[in-house]
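Engineer: Take this structure, written in structure tokens, and hold onto it; I'll ask about it next.
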Amino acid sequence: KMPSESRVIVQGLGNVGSYGALALRNLGARITGISDLSGGVFNPKGLDLAALQTHIEKHGHIKGFTESEPLSNEELLVQPCDVACRPQVDALIAAAAEKFGRIDVVIANAGYGLLAKIHETTEQQFDDIVATNIKGTWYAMQAAANLMLKQEPHGAGRNRRGQIIAVSSGAGRR
């Protein structure tokens, strides 16, 4: 279980985002913001994920969901960031902590693939994939851990300063 004070904003409501939001809600977190390509929605009391899903099925996007305040993706905390660049990741984590006062949860999920034959793949293409998929996730986890260790613990009877969740795709098992 997560501390009842935990608030989560999810950027992107695809498979990972939607399952992550449900899992975090089931652990006790309040999902206060979600975004997709059409924009973002925010409700400090928590979003009704079932009603939001119904809205998305009907309209194809988040925009127009009435049980929340509409926000642009920039207002919901979209920052340009090359996850393969440690200083950019550090700056992103610091900006989130500054905006919200602390960080309780970081979901480290960065990755892409290359559809190419192995003998045609260049070393630079391989290095770029490793930099994003492995180092980018590691940079996010390190930046979050360094910040969280400086935070005051919170949650009833808990000594937690935050949680880091690393996610990967099941696509590699196909």
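The values are calculated or read from the model by the stated rules, or taken from the named source; none is laboratory data. Note that the structure is predicted; figures quoted are calculated from it, not measured. Cβ placement follows ideal geometry from the backbone for every residue including glycine, while neighbour counts extend to all protein chains displayed. Protein only, heavy atoms only, side chains kept; ligands, DNA and RNA dropped before computing areas. Shrake-Rupley method; radii C 1.70, N 1.55, O 1.52, S 1.80 Å.
Engineer: Can you confirm whether segment 57-75 contains a residue that is touching a residue at least 24 places away in the same chain (Cβ under 8 Å), assigned to a helix (DSSP H, G or I) and touching a strand residue (DSSP E or B) at 6+ places or on another chain (Cβ under 7 Å)?
Structural biologist: Looking for residues that are touching a residue at least 24 places away in the same chain (Cβ under 8 Å), assigned to a helix (DSSP H, G or I) and touching a strand residue (DSSP E or B) at 6+ places or on another chain (Cβ under 7 Å), one finds none in segment 57-75, hence no.
Engineer: Then there is this: Any residue at all in segment 10-23 that's in contact with a Pro (Cβ under 7 Å, 6 or more places away or on another chain) and either under 25 Å from Gly111 (Cβ atoms) or touching a residue at least 12 places away in the same chain (Cβ under 8 Å) (or both)?
Structural biologist: no
Conditions (1) exposed (fewer than 15 other Cβ atoms within 10 Å of the Cβ); (2) assigned to a helix (DSSP H, G or I); (3) among the aromatic types (Phe, Trp, Tyr), marked per residue:
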| site | (1), (2), (3) |
| --- | --- |
| Val89 | no, yes, no |
| Lys99 | yes, yes, no |
| Ile107 | no, no, no |
| Gly113 | yes, no, no |
| Tyr139 | no, yes, yes |
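Engineer: State all residues of segment 115-133 that are of a type outside the set (Asp, Glu), open to solvent by 60 Å² or more (accessible area, probe 1.4 Å) and either outside any loop (DSSP other than H, G, I, E, B) or modelled with pLDDT under 90 (or both); if no residue qualifies, say none.
Structural biologist: Leu115, Ile118, His119, Gln124, Gln125, Phe126
Engineer: Check Glu57, Glu67 and return the single one that is open to solvent by 50 Å² or more (accessible area, probe 1.4 Å), in contact with a His (Cβ under 9 Å, 6 or more places away or on another chain), of a type in the set (Asp, Glu) and over 25 Å from Gly136 (Cα atoms).
Structural biologist: Unique residue meeting the criteria: Glu67.
Engineer: Right, next: Here are Thr54, Thr32: which of them is without any contact (Cβ under 8 Å) to a residue 60 or more places away in the chain, at negative phi and assigned to a helix (DSSP H, G or I)?
Structural biologist: Matching residue, one of Thr54, Thr32: Thr54.
Engineer: Please verify whether Val16 is within 20 Å of Arg160 (Cβ to Cβ) and either among the aromatic types (Phe, Trp, Tyr) or not in a loop (DSSP other than H, G, I, E, B) (or both), treating the condition exactly as stated.
Structural biologist: The answer is no for Val16.
Engineer: Does Glu57 satisfy the criteria of being modelled with pLDDT under 90 and charged (D, E, K, R)?
Structural biologist: yes
Engineer: Something else about it: Scan segment 38-54 for residues that are out of contact with any strand residue (DSSP E or B) (no Cβ under 9 Å at 6 or more places or on another chain) and open to solvent by less than 30 Å² (accessible area, probe 1.4 Å) and report the count.
Structural biologist: Of the residues in that region, 1 qualify.
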